[in-house]
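Q: Below: one structure in structure tokens.
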Amino acid sequence: MSQGVNVSNIADKAWPNEGLEQLGHCPVCQAEQREMLFDNLFDNTFDCAPGRWTLWRCRACRSAYLDPRPTPETIKQAYESYYTHASAGQADQAQTSLIRRIRQRLLNGYSNVRYGTRLTPAYPLLGRLYGALFPRRRKACDSNFRFLPKGEPGRTLLDVGSGSGDFLALAATAGWQAMGVDFDPVAVEQARSHGFEVREGGIDAAEGMHAHFDAITMSHVIEHVHDPAHVLQTAFDLLKPGGTLFLETPNAESLGLELYGPSWRGLEAPRHLTLFTGPSMQALLERIGFAAVQPIYRREVSKSIFRISKEIAIKSGGNPPASTRLNWRERLFCYLPLLNPRRNEFITVMARKPGA
Ligand SMILES: [Zn+2]
């Protein structure tokens with residue numbers, strides 16, 4: 001029971017009243033009609049933010065949102081023991097087996113051809129084949145590079161929520177001139193110490209760089225912001241005509257939400273303020289002016305999101321430790337998005353600013 005007691009401690013501490021704001025409408029489409037999805041949500045992911053929360057589902061666009069929610073001035077309290085600053089270590093290639101080393105050379109070859117990296121050692125010719133023969137491995141590589149177009153020297157990229165700069169470093173290997181913005185001052189310092197230009201704050205910190213970027217990436221950012229439409233509008237403004245926006249966020253219509261309810265990993269109250277659906281994201285991007293809004297289907301994330309959600313469910317119930325292995329029903333659900341990609345765990349989209 002000790003974990004259960006711990007969890008309720010943080011959840012029973014109230015969020016300060018003056019730190020709450022009422023919305024009364026959907027932050028995506030502004031409609032007021034809604035139904036309650038979950039009451040009494042708490043920070044069952046990182047056990048660090050006080051308060052209990054109500055999540056609503058908009059009857060018009062099916063997005064989900066917290067109301068009331070922490071104000072922009074007080075939201076920092078929800079991140080106090082949240083940030084991680086560890087940088088992913090380089091794998092020691094000398095320690096890996098022969099097959100792994102060959103696989104790595106093939107993957108490097110694919111990455112060099114597809115993304116313009118200059119990774120060595122690599123098999124460039126076989127790399128092309130490799131991508132075609134091993135779609136899952138290729139997709140893992142594509143997902144690391146956020147499905148970006150090929151980087152060429154001088155092409156500019158902005159990573160919103162750049163953390164300690166891991167993605168900036170990866171993008172730089174593909175020739176991108178990469179810059180970041182992030183709210184966490186410690187992460188900003190870390191990324192700067194690796195030589196990257198990073199400004200402290202949200203996307204507004206890139207103010208004045210109108211039509212400067214060839215690409216903007218936002219991985220698991222839009223669900224955290226108070227005014228998603230403003231952030232996407234600003235991204236549109238910062239992109240060059242023809243520029244690309246990559247965006248990924250939890251899906252309010254996911255199968256995981258149906259399976260695990262309040263324990264679903266994507267909820268993360270009160271840090272996740274708005275959860276989109278595929279169509280509500282597409283509609284907002286198109287309203288702003290983005291063209292060629294292209295969903296990317298990532299069925300492969302289901303398994304890990306299901307596992308974490310199951311762990312959260314076990315922990316929140318205060319039950320004795322149980323196996324987090326997926327049962328047959330959960331494993332079956334991992335494959336259902338093949339039939340209906342709208343039920344994926346994440347919404348992943350590429351969008352293009354028209355022109356050029
Ligand atoms: Zn709505």
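Values quoted throughout were computed directly from the atomic coordinates according to the rules given, and no laboratory measurement underlies them. On a predicted model such as this, the values are computed, not experimentally measured, just so you know. Counting neighbours? That spans all protein chains shown, and the Cβs are built from the backbone with ideal geometry, glycine included.
Q: Using only the Cα atoms of the chain, what do you get for the radius of gyration and for Dmax, in Å?
A: 20.9, 62
Q: Here's something else I'd like to know. Could you give the length gained by full extension between ALA291 and ASN327, i.e. 0.36 nm per residue of separation minus their alpha carbon distance, to one decimal place?
A: Working: separation 36, 0.36 × 36 = 12.96 nm, distance 4.10 nm.
My answer for the length gained is 8.9 nm.
Q: Give the percent of DSSP beta bridges with both residues in the chain that are antiparallel, rounded to the nearest 5. Spell out each step's value before the answer.
A: Numbers: 23 of 42 bridges.
Within the chain, antiparallel bridges account for around 55 percent of the total.
Q: Could you list TYR79, TYR260, TYR110 so that the one with the fewest beta carbons within 10 Å of its beta carbon is first and the one with the most is last?
A: Neighbour counts put them in this order, fewest first: TYR79, TYR260, TYR110.
Q: For every helix of n ≥ 4 consecutive DSSP H residues, a contribution of -39,500 (n - 2.57) applies; sum these over the chain, divide by its total residues, and give [θ] at 222 nm rounded to the nearest 500 deg cm²/dmol.
A: Numbers: 11 runs with 117 residues, N = 356.
For the chain, the value works out to -10000 deg cm²/dmol.
Q: Which cysteines does the chain leave without a neighbouring Cys Cβ under 4.7 Å?
A: Unpaired cysteines in the chain: CYS48, CYS141, CYS334.
Q: Could you tell me which of LEU125, LEU107, MET209 has its Cα farthest along the dipole of the chain towards the positive end, charges placed at Cβ (Lys, Arg +1; Asp, Glu -1), taken about the Cα centre?
A: So the residue furthest toward the plus end is LEU125.
Q: Right, something else. Counting pairs of alpha carbon atoms under 8 Å apart in space and at least six apart in sequence, what relative contact order in percent does the chain give? Don't jump to the answer; show the numbers that get you there.
A: Values: 708 pairs, mean separation 59.3, N = 356.
RCO, the chain: 17 percent.
Q: By how many degrees, 0 to 90 and rounded to 10, does the Cα axis of helix 2-12 deviate from the longest principal axis of the chain?
A: Relative to the chain, helix 2-12 is tipped by roughly 70 degrees.
Q: Quick one: net charge around TRP53, please, counting Lys, Arg +1 and Asp, Glu -1 for every other residue with C-beta under 15 Å from its C-beta.
A: On the way: positive: LYS13, ARG34, ARG52, ARG57, ARG69, ARG271; negative: ASP12, GLU21, ASP39, ASP43, ASP47, ASP67, GLU223, GLU268.
Once all neighbours under 15 Å are counted, the net charge is -2.
Q: Tally Lys and Arg at +1 and Asp and Glu at -1 over the other residues with C-beta under 12 Å from the C-beta of ASP237: what net charge comes out? Show your work: numbers first, answer last.
A: Values: positive: LYS240, LYS353; negative: ASP204, GLU207.
Its environment carries a net charge of 0.
Q: Report, in whole Å, the centroid distance computed from the Cα atoms of the stretch 115-130 and the stretch 231-263.
A: 30 Å
Q: In the stretch 166-270, which GluC sites (Glu not before Pro) are in a loop and have at most 16 other Cβ atoms within 10 Å, using DSSP for the loop call?
A: Numbers: sites: GLU189, GLU197, GLU200, GLU207, GLU223, GLU248, GLU253, GLU258, GLU268; in loops: GLU207, GLU253, GLU268.
Here the sparse-neighbourhood loop sites are GLU207.
Q: Also, I was wondering about something else. Below 8 Å, C-alpha to C-alpha, sequence gap of six or more: please give me the relative contact order for the stretch 195-259 in percent. Don't jump to the answer; show the numbers that get you there.
A: Details: 63 pairs, mean separation 26.0, N = 65.
Once normalised by length, the contact order is 40 percent.
Q: Looking at the chain, how many pairs of lysines come closer than 26 Å at the Cα, when each pair is eight or more places apart or spans two chains?
A: Lysine pairs satisfying the spacing and distance rule in the chain number 12.
Q: Follow-up. Taking loop as defined by DSSP and a crowding limit of 15 other beta carbons within 10 Å, which trypsin sites (Lys or Arg not before Pro) in the stretch 28-59 fit? Numbers along the way, then the final one.
A: Details: sites: ARG34, ARG52, ARG57, ARG59; in loops: ARG52, ARG59.
For trypsin sites (Lys or Arg not before Pro) across the stretch 28-59 that sit outside H, G, I, E and B with at most 15 neighbouring Cβ atoms in 10 Å, the list reads ARG59.
Q: I've got another one for you. Give the angle, between 0 and 90 degrees and rounded to the nearest 10, that separates the Cα long axis of helix 98-115 from the longest principal axis of the Cα atoms of the chain.
A: Approximately 90 degrees, to the nearest 10.
Q: Still on this model: Just to confirm a number: summing +1 for Lys and Arg and -1 for Asp and Glu over residues other than VAL293 whose beta-carbon lies under 12 angstrom from that of VAL293, what do you get?
A: On the way: positive: ARG287, ARG352, LYS353; negative: GLU286.
Neighbour charge sum, excluding VAL293 itself: +2.
Q: Using Cβ counts within 10 Å as a stand-in for footprinting exposure, how do ASP159, ASP184 rank, fewest first? Each step should come with its number before you reach the end.
A: Values: ASP159 29, ASP184 20.
With the sparsest Cβ surroundings first, the list reads ASP184, ASP159.
Q: Further question: Taking N as the number of residues in the stretch 274-326, what is its Cα Rg relative to 2.2 N^0.38 Å? Let's see the in-between values first.
A: Details: Rg = 17.2 Å, N = 53, 2.2 N^0.38 = 9.9 Å.
The stretch 274-326 yields a ratio of 1.73.
Q: Continuing with the same structure: When TYR297, TYR65, TYR335 are ordered from fewest to most other Cβ atoms inside 10 Å of their Cβ, what list results? If you can, show how the numbers build up before the last one.
A: Details: TYR297 14, TYR65 25, TYR335 11.
The order, fewest Cβ neighbours first, is TYR335, TYR297, TYR65.
Q: Take every Cα pair under 8 Å in the stretch 216-356 that's 6+ residues apart, average their separations, divide by the length, and report that relative contact order as a whole percent.
A: Values: 230 pairs, mean separation 54.9, N = 141.
Relative contact order here is 39 percent.
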